[in-house]
Every structure is written in C-alpha cells, then in structure tokens.
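No value in this document is a laboratory result; all are computed from the given coordinates. Here the structure is a predicted model, which means the values were calculated and not measured. Heads up, the Cβs are rebuilt from the backbone with ideal geometry, glycines too, and the neighbour counts pull from every protein chain shown.
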C-alpha cells in the first residue's frame, strides 16, 4: 500500500487528512460506553447483568442514604451505561457531534472533568425530583445535553472546512441570540412535552422512561459553567 500525498498550489507535498479526525478522548469515551453496553448485554448472565447496573447505575434513594464510595461514584458512572442498542446508538451520535468540537477546544483533561461535573449535576437534578426513587438512572444523555448547552455559548466559525468554536459568548449575549433561544427552547420544550406525556400515560416511574430532568439539568449546567472550563483551559495552556 502506498502513502498518498496531496500537493498545494506551490507544489509542496502535504499529507492526506485523516478520514476519522476524532480527538482521542472522544474515541476512548465512545469505546467505554460501548464496552459498558456489551458486557451486561452479551457477556454476563441475566443475574450478573442486574448486579452490574445496580452497582454502576445511579439510584437516588441509595445515593442519599448510603454513603459508601461506590454509591457516590455512581453519580458519574451511570453516564457510561445504556439499556439497549437504540439508546446507546442515539447518544453516541450526538456525543460525536457535540463532543468533538468541545474536546478539541478544552483538551482531553478538561473535557473529562467537564463530562464528570455535568453528569454529576444532571444526576443531582434528577435526584431532587426523585429523591425517594429506587429506579436506576443510566445513560450519557445528561452529559451530552451539557455539551449542547456549552456549544450554545460559542461563536462558531468555519476554518479549513471545519466548524470550530471561536470566542466564548457571555451568558447575556448568548441569550440574545435567536439561534440559541430556538435550539435551547426547542430542547427544553421537547423534554417538558415528554414529561407531560409520561405523566399522562403513567410512564414516569417506569425504568424505561426518559429522565427529562437530567437532560434539562445537564443542558443548563453546560451552558452556565462552560465559561469557567474554557477559562481554565486557556490559563493552563498559557
């Protein structure tokens, strides 16, 4: 197999761009989420699978009353678990879309911290609404919603054919943007409609229900705290 090079107008060679130009942290988190789905779905017995979700999933009533280390860690570890392939697939698509530019902006370390922090906040918002619930919360939706909220704070620019985050906008300026209001407003409205539908159908307490509170909590957390993460990233690099 031969290496292929492109030439610019001056005749100089430049190496072909990679087809999959994803940050390493995105690939690693993607792989962890896939592995965390494959293990209970295909490699563990039904009994062990239940234990797996009970161990790593977030259960509000346990979190509030059981203060051992693993129960507290579950407020983050739940975000790597998914109940079925559709749940995993949809989340991973949005993760790549919103996570890639954010990871390129923050770098691996601060992106990991951002995921952990916003996943925790999303779990806490869910816990406030369901403090006596024994239902297990799983899924990366809260953290991914935070990435969507964070993206709303950036003035995106097209550089070299790629859509990259530029200067970060103040909260006030972002909220004056019609596109930001449209996207975030639509997201919040959709989740509230989901909540109403689950309340009407009695599906809210079902383990397969949608944790809309975690989605909105994650969205707001990402929107509000990304300025701090972006500033820390800049200070660290300089």
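Sorting 87, 178 by the number of Cβ atoms found within 10 Å of their own Cβ, with the fewest placed first, yields 178, 87.
Give me the angle, in degrees from 0 to 90, between the Cα long axis of helix 178-201 and the longest principal axis of the Cα atoms of the chain, rounded to the nearest 10. Approximately 20 degrees, to the nearest ten. Axis of helix 46-56 versus longest Cα principal axis of the chain: the two differ by about 70°, to the nearest ten degrees.
The packing ranking of peptides 35-45, 75-85, 140-150, 124-134, highest mean first, is 140-150, 75-85, 124-134, 35-45, where packing means the average number of other beta carbon atoms within 10 angstrom of each residue. Sort the stretch 83-130 into rounded, prolate or oblate with this rule: let a ≥ b ≥ c be the square roots of the eigenvalues of the Cα gyration tensor; rounded if a/c is under 1.5, and if a/c is not under 1.5, prolate when a/b is larger than b/c, oblate otherwise. Here the stretch 83-130 falls in the oblate category.
Under 1.5 on a/c is rounded, so check that first for the stretch 50-127, then, if it is not, pick prolate when a/b is larger than b/c and oblate when it is not; a ≥ b ≥ c are the square roots of the alpha carbon gyration tensor eigenvalues. Judged from the Cα gyration tensor, the stretch 50-127 comes out oblate (a/c at least 1.5, b/c at or above a/b).
Using every pair of distinct Cα positions in the stretch 24-237, the Kirkwood expression returns a hydrodynamic radius of 17.8 angstrom.
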